[in-house]
Structures are given as C-alpha cells and as structure tokens.
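K.L.:
Sharing a structure here in structure tokens format.
The values are calculated or read from the model by the stated rules, or taken from the named source; none is laboratory data. It should be emphasised that the depicted structure is a prediction, and the values quoted were computed from it without experimental measurement. No Cβ is skipped: glycine too gets one built from the backbone with ideal geometry, and neighbour counts run over all protein chains shown. All accessible areas refer to the heavy atoms of the entire protein, side chains included, with ligands and DNA or RNA removed. Shrake-Rupley method; radii C 1.70, N 1.55, O 1.52, S 1.80 Å.
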Amino acid sequence: MKNRKLIFTVLAVLSFGLIAGPVFAQNDFYDLDELGYDYDGDYDDYDEYDDYGDYDEYDDYGDYDDAYYERLDKISDMTFLVDEVGLLSDEQHQEIASYLLSLSADYEIGLYITIINDYEKYASNIELANEKIFEQKNFGLGDQRSSLSFLMSMDDRSFDLDAHGYGNVAFSDSRRNKLIEAFTPDFKNNDWYNGFISYLETVYYYLDEDRQQNANYETGLSQYKAVQAARAMEVNRNHFLLAGGIALLVALIFALIRLASEKKRMRNVAFATEADSYIAESGVEMHEQKDIYKYSTTFTRTIETSSRSGGGGGGGHSHSSGHF
C-alpha cells in the first residue's frame, strides 16, 4: 500500500509538470514592433503617395473585377450629376458623370454633384438644402447610405460638401478642406470643367489611399499572425520540455527522500515471530482509537465572464461650405 502511495505521488508530480508547461507557454507574447508593425494597425512598410502633386492622370484609374461590374450595373440608372444651370457642355457633362458613376461603383460610396441657381428654394441655408436634396433624391449607397454630396448654388456662388455614412470616414474635415483647395482656384476663374476634374482627382486620391492602407494592413496582419503562431509553437515546445524536466527531477528527489525515510523507520521496528509477543502478561488491553481532523482544505474555482460592446458606422451628416 505504501509503495502504491509513493508511485501515485510521483505520477501526480509528473502530470503537473506536463500540464503546466503548455499553460506557462501561452503567456509568452511578442511585440508588433519586432515584426515592423505599428500598434495602431498601420504597416510600417506602407508606401505613401510620394507627392500629392504627382498624382497620375485620372484616365489611368481603375483595374476592375467582376464585383465592380455587378455594382456598376445596379447603379447605372442612378443620376450622379445634375446641372440645372448649364455650366458644362454635353461632352463635359457626360465625362464627369461617367467619372462619378465609376468611382461610386468601385468604392461603394455615392458621389454626387448638384448645380442649382439658388439653394433658398430648398432651405434657409445651403447645408440644410444639401441634406434636403439628399433625402429627396435618395442619395447614398449601402445600408449606411454612404455618400459625398457636392452642392453648388450659383446665385451667391456658394457651395457645400456633405459627407454621410462612410463618407464621414473617407472625407474627414481636413480632407474636405483639401477637396475645396483643389477646385476653388479654377472656380474663381469660372473654369468649371477643370475645377470638377481637380475635385474628382482628389476624391479618388483619398479613396484609393484608404483602400491601399487597408489592403496593406490586412496583408501585414496575416503575416504577423503566421509568425506569431510559429513562435508560439516553439515557445510551447521549449516550455513543455523544461517544465517536464523540472517535474521529473522534483519527482525523483521526492521519491528518494521518501525511500530514505521509509528505510530509516523500518530499521527501528523489531518484527515478532509469534502472536503471543503482541499480548501483555496481564491480558489483552483494548484501546479506542479516533481520527481527529483539525484542518480541512476546500478548493474552489471562479469562472469569469466578460462582455464586450462596440459600435460602428459613420452615420449622420458633416459639412464643409463656403464661397468661390
């Protein structure tokens, strides 16, 4: 029985070591910086556009896939350019409308240009007028009705850029200011066509920049996860071997101590050869024996639960307006 108890103890210690190794290994982490990634998700090797002024011609835009043509077919009947004043020739109108349609289909955001005589027939200010046209014309693509609406009112030469849905993300306040800087010089010279082309080139620049950043981040994240998994496996293996070796050594030391203790105790015991040796001369004396437990140990386990909540989307309208 004592030998069985000893063997059980040794096996228990070994089992603890074998289980503890992988558990400890899971607590070894690596920094993204070791692999060339920023904590905020930006990939260090991402090549920014060298110079905003070196933007390629808009005619080179687009390398389309089947999904693009499916989206293009769905929105081909929508109107993205309205010119009530007649600022553009028929040829210019067709070209700019085609650019708006193509960009909208490719980046899944509605890009609209509306040219009117006076915004006051819609609302008391140009921002509210743009929002009212947004609702009347059912602007926006997708569940969030993502859009960027460019409204021009020729009566007082005012304009408004209204971002909605994903448009709030792609065209922040600073980016909308860059859009204004792109078209204002031409508009002040009444060069409407080139002003709109400069505007569209800047719109494309920011949409494509976001797409490239997202693509590089996803690629970099996949590479990082692969390297992380390989390193974690190596760490697990090393910790497993180390913990197992330590557990084996502890078990052997414990077993040797127990054996030495047993041998020392057995040397102090004299074995009797007859049953009478265990009976006193005065007879048999019975003693009552009780096992009294002074302490008890209770093991409890707490199971923690966690919840996470979050929100997304860039709903609502954000405006940038002025005069040219």
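K.L.:
Filter the range 138-167 down to the residues that are open to solvent by 40 Å² or more (accessible area, probe 1.4 Å) and either among the polar types (S, T, N, Q) or touching a residue at least 40 places away in the same chain (Cβ under 8 Å) (or both) and list them by number. Lay out the reasoning, then the answer.
P.N.:
Residues of the range 138-167 open to solvent by 40 Å² or more (accessible area, probe 1.4 Å): 138, 142-145, 155-157, 166.
Correct list: 138, 144, 156, 157, 166.
K.L.:
Turning to a different aspect of this structure: Considering only the range 106-162, state which residues are at positive phi and of a type in the set (Asp, Glu).
P.N.:
108
K.L.:
Quick one: count up the residues across the range 173-193 that are buried (at least 16 other Cβ atoms within 10 Å of the Cβ) and small (Gly, Ala, Ser).
P.N.:
Residues meeting the conditions: 1.
K.L.:
Another question, then. If you take just the helices (runs of 4 or more DSSP H) that sit entirely in the range 61-137, which of them hold at least 1 residues that are loosely packed, with under 14 Cβ neighbours inside 10 Å and among the polar types (S, T, N, Q)? Spell out the reasoning first.
P.N.:
Details: elements: 66-75, 90-107, 126-136.
Result: 90-107, 126-136.
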